[in-house]
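Structure first, then comments.
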Amino acid sequence: KATPSTSLSKEELLELDQKYVWHHMSPHNPNPMVLVSGKNSTVTDIDGKNYLDGMSGLWCVNVGYGREEIAKAAAEQIQAIPYVPMSQGNVPSILLAEKLNEWLAGDYRIFYSNSGSDANEVAFKIARQYHHQNGEPLRYKFISRYRAYHGNSMGALSATGQANRKVKYEPLSSGFQHVAPPYCYRCPFGKTYGDCGIQCAKAIEDVINYEGAETIAGIIMEPVITGGGVIVPPAEYLTKVREICDKFGILLIVDEVICGFGRSGKQFGHQNFGIKPDIVTMAKGMTSAYSPLSATAVRSELYDVFKQPGADHHFRHVNTFGGNPASCAVALKNLEIIEKENLIERASYLGDELRKKLDGLLIYKNVGDIRSFGFIAGIELVEDKKSKKPASPEMVLKIITECKAQGLIIGRNGDTVPGYNNILTLSPPFTTTDEELDFIVSTLNKAFSNL
Ligand code: PMP
């Protein structure tokens with residue numbers, strides 16, 4: 001049943017949708033799914049058809065749909081006080097900042113915003129100002145990877161390494177350099193893992209030297225490139241990046257917008273690699289998307305530089321909705337549910353099981369590579385295994401359409417350069433049952449057999 005209740009028919013709603021709504025991404029989709037309810041891992045459309053949501057929305061509804069406790073926490077907070085500017089304090093934001101420190105296992109100051117893009121913008125601004133006030137005003141550049149996605153705003157888009165998301169919006173912010181991704185399946189350096197000396201990490205050092213180390217403010221990266229096609233780095237890669245940052249006095253910003261909050265099988269994705277970031281950005285799974293909220297967690301030593309006396313030293317950044325009390329209350333309840341139901345262990349188990357089952361798809365000639373990280377998986381489609389030529393957009397769409405017809409939503413990612421958007425993605429809710437996992441894999445099997 002649709003909420004708010006409406007006497008309009010589906011056809012009338014779609015007509016209004018066509019007339020007034022500008023959808024994200026899908027180019028003028030004449031027939032969008034109109035979803036009206038959800039429970040656990042299943043969403044229901046306006047016709048009553050159920051889908052297993054293999055993408056948790058946009059990699060975000062981690063605790064699954066229909067959590068009444070979260071709705072209640074939001075309603076109670078809105079009734080108590082709906083809004084407090086973050087120059088002041090509100091109780092959920094205080095408790096949440098403490099909880100995030102526990103999950104991060106470090107000493108971080110939490111700056112709240114609304115979206116993942118915002119959180120990254122804040123990270124860039126804090127990093128630049130930090131260096132300025134720390135006596136190194138030349139440091140303004142950021143390094144990120146091709147294929148990575150870091151958001152839609154001008155700075156975050158500048159850090160993004162996917163060409164087609166950027167052309168027509170350029171020129172973007174200056175001072176953003178890109179390096180090749182740690183993409184073993186298509187190694188940008190033509191090497192093979194085991195015999196490569198982790199060239200992808202060394203290449204970062206080269207760029208730093210070419211640019212002048214004294215001009216680099218930070219390196220931003222996700223633990224695993226998610227939206228760019230689930231590109232999982234070699235195990236040593238992030239440790240090497242951390243070492244490079246330390247060697248040159250560069251801040252390491254880890255974008256945990258997707259990998260955070262249990263998705264990786266640990267509280268945060270970087271914890272799988274044993275490194276400590278200087279700045280961590282987070283959103284999505286922070287509230288399981290029940291309400292918009294993001295944060296930039298900054299090591300307390302960096303924060304200290306902003307505490308020097310005089311107004312000149314404070315961080316001049318404000319946003320109206322960041323730290324919204326109801327959103328923070330939602331996040332607290334979300335984290336409580338994850339802890340109470342051991343959902344991180346569950347995500348880790350589900351990720352392992354899914355990976356084992358997905359590996360069976362390698363029998364199909366169009367499945368070139370299977371990659372996973374925690375409960376995230378990517379299936380790279382090719383014309384054939386030998387040439388590794390990316391599968392045609394039509395083939396990728398055929399699999400997605402077939403899965404949808406069978407009641408399974410999966411994602412499609414990669415580079416937005418035409419022809420390279422050839423990676424199917426999965427990131428289901430942590431509430432997914434073993435039977436649902438089997439359904440995901442058997443549906444994919446059917447779709448590949450019918451190609
Ligand atoms: N970083 C990463 C890794 C993301 O995947 C996204 C969104 N998909 C963002 C940042 C931007 O988040 P938002 O859409 O909330 O601005």
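The values are calculated or read from the model by the stated rules, or taken from the named source; none is laboratory data. Keep in mind it's a predicted model, so treat the numbers as computed, not measured. We place every Cβ from the backbone using ideal geometry, glycine too, and count neighbours over all the protein chains shown.
Whenever a residue of the stretch 246-257 is without any contact (Cβ under 8 Å) to a residue 60 or more places away in the chain, its partners that are within 11 Å of the ligand (Cβ to nearest atom) and assigned to a loop (DSSP other than H, G, I, E, B), lying with C-beta atoms within less than 7 angstrom and at least six residues away or across chains, give the pairs VAL254/PRO223.
Total residues in the stretch 177-187 satisfying the condition of being free of Cβ contacts under 8 Å to residues at least 40 places away in the same chain and either assigned to a helix (DSSP H, G or I) or within 21 Å of the chain's Cα centre (by Cα) (or both): the figure is 4.
Assess whether ILE94 counts as being more than 16 Å from the ligand (Cβ to nearest atom), among the β-branched types (Val, Ile, Thr), in contact (Cβ under 8 Å) with a residue 12 or more places away in the chain and not in a loop (DSSP other than H, G, I, E, B).
Numbers: more than 16 Å from the ligand (Cβ to nearest atom): yes; among the β-branched types (Val, Ile, Thr): yes; in contact (Cβ under 8 Å) with a residue 12 or more places away in the chain: no; not in a loop (DSSP other than H, G, I, E, B): yes.
So ILE94 does not fit the description; no.
Scanning the stretch 127-167 for residues that are in contact with a Ser or Thr (Cβ under 9 Å, 6 or more places away or on another chain) and either outside the structural domain of ILE250 (by TED's automatic domain parsing) or away from the ligand (no atom under 16 Å from the Cβ) (or both) gives LEU138, ARG139, TYR140, LYS141, ALA163. Taken over the stretch 361-377, the criterion of being outside any strand (DSSP E or B) and touching a residue at least 40 places away in the same chain (Cβ under 8 Å) is satisfied by LEU361, TYR364, ASN366, GLY374, PHE375.
Name the one entry in ALA329, ALA347 that is over 23 Å from ASN272 (Cβ atoms), aliphatic (A, V, I, L, M) and in contact (Cβ under 8 Å) with a residue 12 or more places away in the chain. Step through it out loud before you land on a result.
Values: ALA347 fails: over 23 Å from ASN272 (Cβ atoms).
Matching residue, one of ALA329, ALA347: ALA329.
If the condition is being of a type in the set (D, E, K, R), buried (at least 24 other Cβ atoms within 10 Å of the Cβ) and outside any loop (DSSP other than H, G, I, E, B), then the stretch 128-176 contributes only ARG145.
If you go through the stretch 168-219 and keep only what is within 16 Å of the ligand (Cβ to nearest atom), of a type in the set (A, V, I, L, M, F, W, C) and farther than 17 Å from CYS245 by Cβ, you end up with just LEU172.
Kindly indicate which of GLU345, GLU380 is assigned to a helix (DSSP H, G or I) and either surrounded by 14 or more Cβ atoms within 10 Å (Cβ to Cβ) or at negative phi (or both). Spell out how you get there, then give the answer.
On the way: GLU380 fails: assigned to a helix (DSSP H, G or I).
That would be GLU345, the only listed residue that is assigned to a helix (DSSP H, G or I) and either surrounded by 14 or more Cβ atoms within 10 Å (Cβ to Cβ) or at negative phi (or both).
So, PHE273, is that one more than 22 Å from ILE376 (Cβ to Cβ), modelled with pLDDT of 95 or more and surrounded by fewer than 22 Cβ atoms within 10 Å (Cβ to Cβ) or not? No. Can you name every residue in the stretch 97-125 that is within 16 Å of the ligand (Cβ to nearest atom) and in a helix (DSSP H, G or I)? Within the stretch 97-125, GLY116, SER117, ASP118, ALA119, ASN120, GLU121, VAL122, ALA123, PHE124, LYS125 meet the criteria. Output the residues belonging to the stretch 83-125 that are touching a Lys or Arg at 6+ places or on another chain (Cβ under 7 Å) and over 23 Å from HIS313 (Cα atoms). Of everything in the stretch 83-125, those that are touching a Lys or Arg at 6+ places or on another chain (Cβ under 7 Å) and over 23 Å from HIS313 (Cα atoms) turn out to be GLY106, GLY116. Consider the stretch 348-377 and keep the residues that are hydroxyl-bearing (Ser, Thr, Tyr) and under 30 Å from ARG67 (Cα atoms). The one that is surrounded by the fewest Cβ atoms within 10 Å (Cβ to Cβ) is TYR349.
Hand me the list of strands (runs of 3 or more DSSP E) wholly inside the stretch 1-73 holding 1 or more residues that are hydrophobic (A, V, I, L, M, F, W, C) and either more than 22 Å from the chain's Cα centre (by Cα) or modelled with pLDDT under 95 (or both).
Working: elements: 35-39, 42-45, 50-53.
Once the strands (runs of 3 or more DSSP E) in the stretch 1-73 are filtered for at least 1 residues that are hydrophobic (A, V, I, L, M, F, W, C) and either more than 22 Å from the chain's Cα centre (by Cα) or modelled with pLDDT under 95 (or both), what remains is 35-39.
Of all the residues in the stretch 123-153, those that are closer than 28 Å to ASN422 by Cβ and among the aliphatic types (A, V, I, L, M) number 2. Applying the set (1) surrounded by 11 or more Cβ atoms within 10 Å (Cβ to Cβ); (2) closer than 23 Å to TYR290 by Cα to GLU12 leaves exactly one unmet item: (2).
Of a type outside the set (Ser, Thr, Tyr), within 16 Å of the ligand (Cβ to nearest atom) and part of a loop (DSSP other than H, G, I, E, B): is that true of PRO277 in this structure? Here the answer is yes, as PRO277 does meet what is asked. Residues in the stretch 245-274 that are in contact with a strand residue (DSSP E or B) (Cβ under 9 Å, 6 or more places away or on another chain), part of a loop (DSSP other than H, G, I, E, B), farther than 30 Å from GLU136 by Cα and more than 15 Å from the ligand (Cβ to nearest atom): GLY265 alone. Of all residues in the stretch 220-239, exactly one satisfies the criterion of being part of a helix (DSSP H, G or I) and either touching an Asp or Glu at 6+ places or on another chain (Cβ under 9 Å) or within 16 Å of the ligand (Cβ to nearest atom) (or both), namely LEU238.
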